[in-house]
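Visitor: Mind looking over this structure? Questions follow.
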Amino acid sequence: MTSETVIASHPVAWLRPLPADYRTPLWRWILLPASALLLKRNGGVWLNGELRLMVDHLLYVESKLIKSPKSPPATWRIELDEIADITLKKGMASETLEIEVFGKSVKLMTVRSEGFVEQIRAALPNAGS
């Protein structure tokens with residue numbers, strides 16, 4: 001297996017954090033108060049995508065309906081040996097998957113992901129310890 005072989009994948013929504021100096025514009029509070037409140041409460045924007053478990057890393061790829069070279073889909077990867085902790089919190093209709101890497105937390109929203117999370121935990125280099 002190469003490092004680009006997909007072992008498993010699962011649909012998720014990634015909470016892309018806002019920049020530290022971001023301030024919600026006044027017009028958004030006036031025209032779209034509910035979305036402005038959610039933006040402030042969540043501290044970011046949810047992006048739909050897919051989380052893929054590869055041989056030695058996790059890969060997130062944003063799902064886009066319109067493919068454009070001007071705005072390519074967001075992607076990121078986390079090496080499995082950099083993951084400090086994985087927690088799965090159940091909500092009313094969804095689950096929040098938090099992956100801790102170097103003291104920072106990556107937040108994902110998903111549903112029915114227990115099996116996928118177990119596959120990630122089993123793939124971690126320190127799974128046996």
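The values are calculated or read from the model by the stated rules, or taken from the named source; none is laboratory data. Here the structure is a predicted model, which means the values were calculated and not measured. Positions of Cβ are generated from backbone atoms using ideal geometry, with glycine treated the same way; all protein chains shown enter the neighbour counts.
Visitor: If we keep just the residues of segment 14-54 that are in contact (Cβ under 8 Å) with a residue 24 or more places away in the chain and in a loop (DSSP other than H, G, I, E, B), which is surrounded by the most Cβ atoms within 10 Å (Cβ to Cβ)?
Guide: L18
Visitor: Looking at segment 87-108, which of the residues that are within 15 Å of L59 (Cα to Cα) and in contact with a Leu (Cβ under 9 Å, 6 or more places away or on another chain) is surrounded by the fewest Cβ atoms within 10 Å (Cβ to Cβ)?
Guide: Per the criteria, the residue is E98.
Visitor: Related question: Considering only segment 65-86, state which residues are surrounded by 12 or more Cβ atoms within 10 Å (Cβ to Cβ) and either modelled with pLDDT under 80 or assigned to a strand (DSSP E or B) (or both).
Guide: Those that are surrounded by 12 or more Cβ atoms within 10 Å (Cβ to Cβ) and either modelled with pLDDT under 80 or assigned to a strand (DSSP E or B) (or both): W76, R77, I78, E79, I83, A84, I86.
Visitor: Output the residues belonging to segment 1-45 that are more than 30 Å from A122 (Cβ to Cβ) and charged (D, E, K, R).
Guide: D21, R23, R28, K40, R41
Visitor: Does segment 66-84 contain at least one residue that is among the hydroxyl-bearing types (S, T, Y), over 20 Å from P19 (Cα atoms) and under 14 Å from the mean Cα position of the chain (by Cα)?
Guide: No, segment 66-84 has no match at all.
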